[in-house]
Amino acid sequence: DKGNHRHFMQKEMFEQPEVLSHTLGAYVNMTDGRTRTPKGQELDFTKVRRIALSACGTGYYAALVGRYYFERYAGIACDLDVASEFRYRESPLSDVDLALFISQSGETADTLASLRYAKSQGLKTAAIVNVPESTIAREADVVLPTLAGPEIGVASTKAFTCQLMALAALAVRAGVDRGVIKADEELEFTRALMEAPRLVNEALHLEGEIEHIARDLATQHHALYLGRGFSYPLALEGALKLKEISYIHAEGYAAGELKHGPIALIDETMQVVVVAPHDRVFEKTVSNMQEVAARGGRILLITDHKGAASGAMDGARLLVLPDMPEILIPIVFAVPLQMLAYHTAVQMGTDVDQPRNLAKSVTVE
Ligand code: F6R
């Protein structure tokens with residue numbers, strides 16, 4: 001039942017404040033604010049120095065964010081592969097202490113095969129899954145749930161942000177286990193994570209403005225998404241969402257890679273979406289954006305209040321989110337990217353919930 005929404009995808013985007021808060025409840029004890037993993041799924045990060053992450057599609061972009069989280073908040077190095085590569089790459093896993101898989105459906109063939117490969121190599125395995133009775137959930141040593149509820153729309157939205165929430169809380173837990181996050185800092189992090197539903201709700205309020213922008217985007221044939229740091233995986237995810245449901249050709253790039261190739265594509269027909277909250281790499285991304293502006297590219301800058309107030313945005317169309325703690329950036333900034341893809345697809349009249357050639361669960365390789 002879509003309720004009063006036009007598509008499941010729209011309904012699922014609007015469910016995010018609620019399901020994020022459910023998911024957080026599985027990883028934080030709400031009475032004392034301490035992070036934990038669910039009962040019976042204990043995970044001790046004390047001796048974990050290296051994690052191998054693997055997933056497909058949107059789950060892989062969640063894993064990319066996960067790498068930033070684990071490295072930054074817990075000092076744990078991460079290896080990262082799309083599952084279709086991990087399973088065949090046969091990379092030496094001797095220094096990996098934990099293999100972590102991410103899957104909404106828990107049935108994706110390549111991710112399952114990767115999990116089995118890791119087990120055959122004697123690794124401890126954990127899986128972040130949305131379907132608790134799935135094959136991946138049954139076979140992983142440790143099951144880390146996302147409580148997004150059933151996701152019907154083929155393009156993943158709420159499962160993705162819930163994966164990010166689980167990863168953020170796990171990274172904080174790992175930081176505590178490894179002694180790099182002190183007790184008072186842990187509380188600060190969990191307080192920040194508890195702000196996610198409110199901030200995502202504020203992002204959802206930008207829908208009218210995004211609908212307007214989407215009318216323009218729907219007339220374009222190409223889009224380039226740029227981001228740095230936490231915003232780099234978001235650029236990839238934003239481009240994937242757009243191509244999946246609107247069929248507009250879109251690519252995501254690390255902003256710093258612009259001058260190593262894609263800048264050759266920039267002219268007045270290239271739509272560039274820049275994801276740049278006012279974080280430690282903001283100035284760098286802005287300078288890449290200016291290179292796009294100088295070549296006549298059409299720019300949409302998705303930023304926060306601080307970013308918007310810093311000037312130097314000549315010629316860019318702005319979409320402004322509230323300021324927020326760094327750990328929330330991936331979760332909250334994912335929302336306008338989802339909505340932009342959604343409304344562009346609606347404008348174009350595509351089958352949003354059932355895009356051509358795609359299946360919700362990819363059980364063949
Ligand atoms: C994109 C999308 C796909 C899935 C991918 C993995 O919107 O939904 O890219 O993320 O097929 O699926 P799961 O997470 O079920 O393993």
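The values are calculated or read from the model by the stated rules, or taken from the named source; none is laboratory data. In this text, all values refer to a predicted model and were calculated from it rather than measured experimentally. Note that each Cβ is placed from the backbone with ideal geometry, even for glycine, and that neighbours are counted across all protein chains shown. The accessibility values were calculated without ligands, DNA or RNA, using every heavy atom of the protein model including side chains. Shrake-Rupley method; radii C 1.70, N 1.55, O 1.52, S 1.80 Å.
A few remarks follow.
- Where helices (runs of 4 or more DSSP H) fall wholly inside the range 5-103, the ranges with 1 or more residues that are more than 15 Å from the ligand (Cβ to nearest atom) and closer than 16 Å to V129 by Cα are 16-27.
- Whichever residue in the range 271-302 is part of a loop (DSSP other than H, G, I, E, B) and of a type outside the set (D, E) and, among such residues, is nearest to G229 (Cα to Cα): V281
- Of note, L199 satisfies the criterion of being more than 15 Å from the chain's Cα centre (by Cα), among the hydrophobic types (A, V, I, L, M, F, W, C) and in a helix (DSSP H, G or I).
- Any hit, the range 3-15, residues being touching a residue at least 60 places away in the same chain (Cβ under 8 Å) and touching a Leu at 6+ places or on another chain (Cβ under 8 Å): yes
- Search result, residues across the range 104-123 that are β-branched (V, I, T) and either open to solvent by 20 Å² or more (accessible area, probe 1.4 Å) or away from the ligand (no atom under 16 Å from the Cβ) (or both): T108
- Going through (1) outside any helix (DSSP H, G or I); (2) under 23 Å from P38 (Cβ atoms) one by one, Q220 falls short only on (2).
- N130 meets all of the listed conditions (1) open to solvent by 10 Å² or more (accessible area, probe 1.4 Å); (2) under 20 Å from T37 (Cα atoms); (3) more than 16 Å from the ligand (Cβ to nearest atom) but one, namely (3).
- Considering the range 144-156, and only residues there that are open to solvent by less than 30 Å² (accessible area, probe 1.4 Å) and either of a type in the set (V, I, T) or touching a strand residue (DSSP E or B) at 6+ places or on another chain (Cβ under 8 Å) (or both), the residue that is farthest from H5 (Cα to Cα) turns out to be L144.
- Extreme residue, farthest from M194 (Cα to Cα), among residues of the range 302-343 that are of a type in the set (S, T, Y) and open to solvent by less than 10 Å² (accessible area, probe 1.4 Å): Y342
- Taken residue by residue, the range 161-168 has no member that is outside any helix (DSSP H, G or I), of a type outside the set (D, E) and closer than 13 Å to N130 by Cα.
- Within the range 34-52, the set of residues being without any contact (Cβ under 8 Å) to a residue 24 or more places away in the chain and of a type outside the set (K, R) comprises just one member, G40.
- Within the set T23, T31, the sole residue that is without any contact (Cβ under 8 Å) to a residue 24 or more places away in the chain and either open to solvent by 40 Å² or more (accessible area, probe 1.4 Å) or under 20 Å from P197 (Cα atoms) (or both) turns out to be T31.
- Only one of A341, A308, A345 that is in a helix (DSSP H, G or I), in contact with a Leu (Cβ under 7 Å, 6 or more places away or on another chain) and closer than 18 Å to E211 by Cα: A341
- Scanning the range 163-173 for residues that are more than 11 Å from the ligand (Cβ to nearest atom) and open to solvent by less than 10 Å² (accessible area, probe 1.4 Å) yields L164, M165, A166, L167, A168, A169, L170, A171, V172.
- Tally, over the range 136-151, of residues that are within 13 Å of the ligand (Cβ to nearest atom), within 18 Å of the chain's Cα centre (by Cα) and among the hydrophobic types (A, V, I, L, M, F, W, C): 1
- Taking residues in the range 236-253 that are part of a helix (DSSP H, G or I) and open to solvent by less than 40 Å² (accessible area, probe 1.4 Å), and partners anywhere that are among the charged types (D, E, K, R) and more than 13 Å from the ligand (Cβ to nearest atom), the pairs with Cβ atoms closer than 9 Å and at least 6 places apart or on different chains are L236/E251; A239/E251; I245/D351.
- V176 being aliphatic (A, V, I, L, M), more than 16 Å from the ligand (Cβ to nearest atom), open to solvent by 30 Å² or more (accessible area, probe 1.4 Å) and touching a residue at least 12 places away in the same chain (Cβ under 8 Å): yes
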